[in-house]
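Structure record follows, encoded as structure tokens.
The values are calculated or read from the model by the stated rules, or taken from the named source; none is laboratory data. Computed from a predicted model, the values in this text were never measured in an experiment. Heads up, the Cβs are rebuilt from the backbone with ideal geometry, glycines too, and the neighbour counts pull from every protein chain shown. Just the protein is used for accessible areas: all its heavy atoms, side chains included, with ligands, DNA and RNA removed. Shrake-Rupley method; radii C 1.70, N 1.55, O 1.52, S 1.80 Å.
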Amino acid sequence: MGFLEAIILGLIQGLTEFLPISSSAHLRIAGEFLPSATDPGATFTAITQLGTELAVLIYFRKDIGRILTKWFQQFGRSKGAHSEPIDRRDPDVRLGWLIIIGTIPIVILGYFAQDYIRSTFRSLWLVAIVLIVFGIILGLADLLSKRVREIEQMTYRDGVIIGLAQMLALIPGVSRSGSTMTAGRILGYTRPAAARFGFLLAVPAVFGSGLYELVHSFGEPEGAYGYAETAVATVVAFGVGYAVIAFLMQYISKHSFLPFVIYRILLGGTLIVLLALGILNPL
């Protein structure tokens, strides 16, 4: 039964990681309805996210390769005896710095808020409220945004603001993609631009968190799922996640976030009802 549950959770992780509906909230909720009826835990969630972030690396490999190449070239000369140094105002060089700077807030908060991440933040009451509140904020930001700026126009101020928004993703229900997309839309970026930067920004933070949890899980008592089950869930999350990225980038180029906003409100409302009736245990 453990492997079947792991596959189900891997599917959920892959389906929800990139949609602005919070994968961690869905894993937290789904765990209550599986036969084991337990919270998969922050460690399981962080490790399975390695699979979905690998999908980001592959899907955006050209962007990431170009950004890395130009970022390193700013410190010297590009290839060729007569070539000029890379201009540090180059959009890809700036994006490289923005990803580094924008990652710092979540690293700091993630380190100092470990106790809350593993306990308080995983309360289903908090998850339900956050799903609704941040769903409404996403909807308003998407509706009122000017929708004119592209990722190449991103400034250091905007990168820091979106990085601060990413911190909120430590609370299940906020959604990493949802928080960064919301901030991006408020700042006037197009949906694809906000999504693209949010996905790129998540790479170092998620890989750092996942690898940290993976290393620290060795030698510790296994949680709800062992290493084998977690590995299966991670592989499933990778395959499904890649397909979802491709779908989402195409979808948001023509459509709004409204369906996701409605879904978040309905899910949060349903969760509140189930908690109020005592059907679900909030902790």
Of the heavy-atom accessible surface of the range 110-268 (probe 1.4 angstrom), what whole percent is carbon and sulfur? 70
Tell me, what is the Rg over Rh of the range 19-118, with Rh the Kirkwood radius over Cα pairs? 1.16
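If I take R0 = 25 Å and measure r between the Cβ atoms of residue 157 and residue 118 in this structure, what FRET efficiency does the formula 1/(1 + (r/R0)^6) give, to the nearest 0.05?
Numbers: r = 33 Å, r/R0 = 1.31.
Result of the calculation: an efficiency of 0.15.
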Give the calculated FRET efficiency between residue 283 and residue 89 to the nearest 0.05, with a Förster radius of 51 Å applied to their Cβ-Cβ distance. 0.50
Taking the alpha-carbon distance from residue 254 and a cut-off under 18 Å, which aspartates and glutamates remain once sequence neighbours fewer than 8 residues away in the same chain are dropped? 142, 150
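Evaluate the relative contact order of the chain (contact order divided by residue number), counting alpha-carbon pairs under 8 angstrom at least 6 apart; express in whole percent. Before the final figure, lay out each step's value.
On the way: 440 pairs, mean separation 101.6, N = 283.
With pairs under 8 Å counted, the relative contact order is 36 percent.
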Under 5 Å from the placed amide H of residue 149, counting only residues 5+ away or on other chains, we find 189, 190
Cα centroids of the range 1-64 and the range 164-241: how far apart, whole angstrom? 9
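If I compute solvent accessible area with a 1.4 Å probe over the protein chains, what percent of it on the range 2-50 is carbon and sulfur? All intermediate terms of the calculation are to be shown ahead of the outcome.
Values: 1040 of 1390 Å².
About 75 percent, which is the carbon plus sulfur part of the accessible surface.
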How far, in nm, would the chain grow between residue 125 and residue 33 when pulled straight, counting 0.36 nm per residue and subtracting the alpha carbon separation? 31.5 nm
Just to be sure I understand the model, the point goes 7 Å from the Cα along the line to the Cβ. What's the resulting residue 227 to residue 246 distance in nm? 3.3
Mind pulling the angle between the C-alpha long axis of helix 176-186 and the longest principal axis of the chain? Nearest 10 degrees, somewhere in 0 to 90. 50
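Rolling a 1.4 Å sphere over the protein heavy atoms, what is the accessible area per residue of the range 208-283, to the nearest Å²? Walk me through the numbers before you get to the answer.
Values: 4240 Å² over 76 residues.
Value returned for the range 208-283: 56 Å² of accessible area per residue.
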D (Stokes-Einstein, µm²/s), Kirkwood Cα radius, the chain, 1.567 mPa s at 4 °C: 67
Contour excess over end-to-end distance, with Cα ends at residue 273 and residue 147 and 0.36 nm allotted per residue: 41.7 nm
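Accessible area per residue for the range 1-52 in Å², computed with a 1.4 Å probe and the full protein assembly in place, what is it?
On the way: 1530 Å² over 52 residues.
With all protein chains present, the range 1-52 gives 29 Å² per residue.
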